Every structure is written in structure tokens, then in C-alpha cells.
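Working notes for the structure below.
What follows draws every value from the coordinates through simple rules; no lab data is involved. Remember, it's a predicted structure, so these values are computed and weren't measured experimentally. Glycine also receives a Cβ, built like all others from the backbone with ideal geometry; neighbour counts cover every protein chain displayed.
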Amino acid sequence: MPATAARVDARLARPSRARSTRARRASTRRAVADADARGTTTFDPASTLRHARVDVGAHGRGLFVTGTGSALVSVAIDALVCAPAAVGEGAEGRAATAIRETYREGWRRHFGVDVPECLIEFVISAPFAKDVRLAAMLAWAVKNAEAWRAYGAEVVPAAFDCGYLANEEELEMLQDAEIRVMAERSKAGYEATWNAAMEAFPDVKAALGTSSEDELRWCRSWVHTRAISGKLGDADCAFLAPTIDLANHRVESTAKYGVSADGKNFELTWNEDSIEGPTPVANTEVFISYGDRMNNALLMLHYGFIDDENRNERLPMEFIAPGARRVHGSRVADACKALDDAGDKAAALAGSNLLMVASRGPPPGVADAPAPPETDPEVIQALRQAVDSYLSACPTTLAEDEALLASAEAASLSPRALLAVRYRASRKRAAEAYLRFLSILK
């Protein structure tokens, strides 16, 4: 995630769970030449890390480069959970063949298991979102493939902090009706889609019969927060890639990922275009982008964290609409520069939101261009009133939110409740920064 020490990281180590039994009827096993070698693959980071290490930094647990090479993590492609991004007519091809081989041959070689054919075909061709198809295979894997069970027990969080999983009290603490609706609809949509898929494919549901509802929900959250994209041949696919999924988010990534040139591994490598430089420097954190346009609301809803330095944050439209075409862009730019020069970068950033609706004058360098008009005080007052109305409608003030975050009471809040307070405080902080901008706008 973009660098911020205040980030609440959902990726905490998961306490070990009791090992699931893997009873298997002999008739379902296929003979292989070297039975003693089956099931030896693990996702222990020691076996997948190349020139990186797992450590804890300013953003919680993550990956850090050793500085000894650009290849950071490599995981066998035919040991992963994988699904084509698209299904339907024309979607099958090389990717479908490779995915079938992964589950039929790769998983037998790596884990000593035979994946039910109904599951393989569901993952490849069922007319449901790729997250649903990945979650079904993952749910089977954590019950039947020891490497996946162990990774889930020892590395993946026991519970996820995604906003769409929030309860009534946690949703109320957001103080944001729009985000609340988004969370409720996301949760309901995920549940409804999963239930529809299981109803449409009863053989898949039967194959997952030993999984409880809580376990299935946990698998779906694992997929929602950790699935990663890549290509098999020329086909877009989605993967679950252990260890690689420990990389934290920042829009300006330091690493890139994908299927290796020989098609045998899924790899995480240093991004030579990184702002940190073309070669990895020891102890630099590895970042990938979860989405270049993700604002904090989406990060909170789907991943369970926010970024205090998120460049994708925008003020509510009602804060800037009164100034549409009534504030000159050069006046906005001058005010932003003055604030930036004075060290108030937050106010400068907040004010820059007004540029998207400001009026435009002649381009720079035009001779005899008239000076831009000063902003009508009534327009500035309308902008201020929009912000004041928002702040006065909030059940708590920014000062009260910050006091709560700094108090002993914060330790008793659930991770999602704490995140809700941080989120609402960040929105109020941006609103107050915008008021500082408006105070110098001419």
C-alpha cells in the first residue's frame, strides 16, 4: 500500500488450526510411478523466496528485497489455484488446456491428490465470476492438499477486515451512508452469487460438503483479497500465488508479477521502472498495485485497509459543484501553489480537486491575455457552506475522532471499527484542509 505508518494491515499472521483429515477412498486415486515423491511440495516462504525475505515494516508484514538479485519470489505454476478470467464461447483454448493439466497432473505430482473433474470443469467453464470459481477450488484445496491447508493455517489471516464483512455497529461507525450501502450490497452480492453457483452445480457443492459456511466464507475472502492476475499464453487468468500475495499495495509499485517466460512458474520480480531505482536496494519493501485507481473507500471495502497518502482520494462532488465554471483555474492553481510553498500540502491537494470544474483561460504564453477574474465571494461562500454542512451533519468532530484513536478505548475496537474511525477522520481532515484552501482563494 502507499507508504503510511498509520495503515491498518489486514494481513496478520493466522494462528494454526487443527489439521484437517484427508481421508481418501483408494478407488479415487490414480497410479503414479513414484508414489513416495507425491505430496512433497510446500508453500513455505523459505522454498519460494529468491532474493527477498518476509519481515514486518511500517505497513505490517510484507516482503523486503535482499538486494542480491531482481528475482524475488517464484512459485510453480502447476501448484497454484488458477481460473480463466473469462468463460463462455471462444474463451477456452490454450489456457483451459493448461489449467486442466495443472489440476490433473500438477496437483497429483505436487500434492498427491486427485481433483474432482466436476471442480476442474467448474473452474474452467462455469458462467460465474472468476472469484467464485477460484473460491470453490480453494475450498477443496484447503481440505485436501496439505500445502494449501498449511498456508491457510500459518500465513493467511484467520479473519479478514474487509469493509463488506462489517456488522451493523461497524457500518454505523463509518458515518457514511454511501459507503454503508456499497458494503451491504457487496456482501449480499457475494453471498447471492455463491449460492446461485452452488445451486446450479450440485456436484460441486457436494464436493465441498465437508466445508462449513464460515470456512467457505473465509475462502471467498481469501480470494477477494489475494487473487492476482496473469496470462497463460494469450489468455487472461486469475491466480492464488502463495508468498507473492504477501506483497503490500502501493500505486507506484516496486515489483511486477506474471508467468515466467518458460511458463513453469509464477514470478515476482523487481520493477526496473520503480521510483526507487532500476535495481533493488537491500531492505526496500516490495510493493505491487492492487489497482491504480483504488480510492480509500474501495481499499477499505475490499481489502481492509486505507492509505493516508492515497493519491486517488477525491473530495465529494458537493464540495466542488458550486464552483463549476465559476472559479478560474489559474486562481485555483495560485492558491494551491501558495499553500504548497507554505508547507500545507494537504490543503493544496484538497484545493486541486476544484481544478476539474474550474473555468479555463488562454493557454500560458498568449500575449496580452487578460488577468483572470477574482472569484465571486458568494461562490466561495457557497463552497464553504457545502463543507460546513457536511461537517455539522457528522455525529462526531475530527477532534473527537482523533481523541478516540489516541485513547485506550481504541484498543478495544474491532479492526473494522478502528478502520471506520480512521476512514471518517480522514474524510473530515480533507474537508478541513479544503476550508483552509478556500480561505486564501481569490
message: Give the separation of the Cα centroids, region 145-215 to region 42-88, in Å.
response: 24 Å
field: Residues whose placed amide H lies under 5 Å from that of L72, excluding near-sequence neighbours
entry: H51, L268, T269, W270
query: Hey, what do the phi angles of region 307-318 turn into as Karplus ³J(HN,Hα) couplings, whole Hz, using 6.51/-1.76/1.60 and θ = phi - 60°, x for Gly and Pro?
result: 10, 5, 10, 5, 6, 8, 5, 10, 6, x, 4, 5
query: Using alpha carbons only, what's the Rg to Rh ratio of region 314-440 with Rh from Kirkwood?
result: 1.09
statement: Summed over the other residues with a beta carbon less than 14 angstrom from that of M173, with K and R at +1 and D and E at -1, the charge totals -3
message: Taking R0 as 51 Å, what FRET efficiency do you get between E309 and K264 from their Cβ-Cβ distance, rounded to the nearest 0.05?
response: 0.85
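If eta is 0.692 mPa s and T is 37 °C, what Stokes-Einstein diffusion coefficient results for the chain, Kirkwood Rh from Cα pairs, in µm²/s?
Details: Rh = 24.4 Å.
The Stokes-Einstein estimate is 135 µm²/s.
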field: Nonlocal Lys pairs with alpha-carbon distance under 29 Å, the chain (8 or more apart, or different chains)
entry: 23
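If exposed GluC sites (Glu not before Pro) are those in a DSSP loop with at most 12 other Cβ within 10 Å, what is the longest stretch of the chain that has none? Display every interim value, and only then the final one.
Values: sites that count: E89, E272, E374.
Result, exposed sites excluded: 90-271.
DSSP loop trypsin sites (Lys or Arg not before Pro) in region 232-326 with at most 11 other Cβ atoms within 10 Å of their Cβ, which ones? Could the numbers behind the result be given before it?
Values: sites: R250, K256, K264, R293, R311, R314, R325, R326; in loops: R250, K264, R293, R311, R314, R325, R326.
Of the trypsin sites (Lys or Arg not before Pro), the ones in loops of region 232-326 whose Cβ has at most 11 other Cβ atoms within 10 Å are R293, R325.
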query: Each residue of region 210-215 in order: what ³J(HN,Hα) in whole Hz does its phi give by Karplus 6.51 cos²θ - 1.76 cosθ + 1.60, θ = phi - 60°, with x for Gly and Pro?
result: 7, 8, 7, 4, 5, 5
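Run the helix sum for the chain: -39,500 (n - 2.57) per DSSP H stretch of 4+ residues, divided by residue count, reported at 222 nm to the nearest 500 deg cm²/dmol.
Values: 17 runs with 183 residues, N = 442.
Helix-only estimate at 222 nm: -12500 deg cm²/dmol.
Compute the whole-percent fraction of alpha carbon pairs in region 204-286 spaced more than 17 Å apart.
Numbers: 2041 of 3403 pairs.
Cα-Cα pairs in region 204-286 separated by more than 17 Å: 60 percent.
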query: Across region 426-442, in residue order, what do the Karplus-derived ³J(HN,Hα) couplings come to in whole Hz, using 6.51 cos²θ - 1.76 cosθ + 1.60 with θ = phi - 60° and x for Gly and Pro?
result: 5, 5, 5, 4, 5, 5, 5, 5, 5, 4, 5, 4, 4, 5, 10, 5, 10
query: From a point 7 Å beyond the Cα of D340 in the direction of its Cβ, which residues of region 294-309 have a backbone N at a distance under 19 Å?
result: 309
